[in-house]
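Colleague: Dropping a structure here in structure tokens format, bear with me for questions.
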Amino acid sequence: MVDLWTLYVDGATNKYGTGVGFVLICPNKLVTEYSLSFKFQATNNVAAEYEVLITGLELQKQMGAEKLDVYSDSMLMVSQVNGKYADRDESLFKYLEKVKKMMGAFKEICVRQVLEPITCTLTCWQSWQVRDQP
């Protein structure tokens, strides 16, 4: 039996930068929150969502996950990853190709949309430093 890992991802970008956050739930139900602020500007929020998904998948693989459920509030990204929407933006297509390749490294993986963004602690989101302020 392969243990199930769970990953919730969310990304955002604005004129001050790109930030991502994810919540990892291990098979033993230990919950860990991560947030990152990137030094580059994602082209849009969907690119930020792909960045956090790629980062989360890399971490999951390093931790030995084989079976993974991934949740994101980005309908577009989830639909593209699941083959329901074609990607017409070449920069996003490169992200999609990378994600598809990474997904092949897992025995079982499912990517689903959640209706609400993930809720990290206030400290987690504040550490992004991607806020609409001068």
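The values are calculated or read from the model by the stated rules, or taken from the named source; none is laboratory data. None of the values given here were measured: they were computed from a predicted structure. Positions of Cβ are generated from backbone atoms using ideal geometry, with glycine treated the same way; all protein chains shown enter the neighbour counts. Keep in mind that these areas ignore ligands, DNA and RNA; they rest on the heavy atoms of the full protein, side chains included. Shrake-Rupley method; radii C 1.70, N 1.55, O 1.52, S 1.80 Å.
Colleague: Compactness ratio of the range 4-121: Cα Rg over 2.2 N^0.38 Å, N = residue count? Present the calculation step by step, with values, prior to reporting the outcome.
Modeller: Numbers: Rg = 13.4 Å, N = 118, 2.2 N^0.38 = 13.5 Å.
The reported ratio for this selection is 0.99.
Colleague: Residue 43 to residue 105: FRET efficiency via 1/(1 + (r/R0)^6), r the Cβ-Cβ distance, R0 41 Å, to the nearest 0.05?
Modeller: Details: r = 26 Å, r/R0 = 0.63.
It comes out at approximately 0.95.
Colleague: Take every DSSP beta bridge with both residues inside the range 4-121 and express the antiparallel ones as a percent of the total, to the nearest 5. Walk me through the numbers on the way to the answer.
Modeller: On the way: 17 of 29 bridges.
Once the DSSP bridges in the range 4-121 are tallied, antiparallel ones form about 60 percent.
Colleague: Of all the accessible heavy-atom surface of the range 4-121, with the other protein chains kept in place and a 1.4 Å probe, what percent is carbon and sulfur? Don't skip to the end; give the middle numbers.
Modeller: Values: 3320 of 6230 Å².
Taking all protein chains in place, the range 4-121 shows 53 percent carbon and sulfur surface.
Colleague: What FRET efficiency do you get for residue 67 and residue 90 if R0 is 35 Å and r is their Cβ-Cβ distance, rounded to the nearest 0.05? Write down the numbers at each step before the final one.
Modeller: On the way: r = 32 Å, r/R0 = 0.92.
In this case the efficiency is close to 0.60.
Colleague: Given a 1.4 Å probe, how much area per residue of the range 4-121 is accessible, in Å²?
Modeller: On the way: 6230 Å² over 118 residues.
So the range 4-121 comes to 53 Å² accessible per residue, rounded to a whole number.
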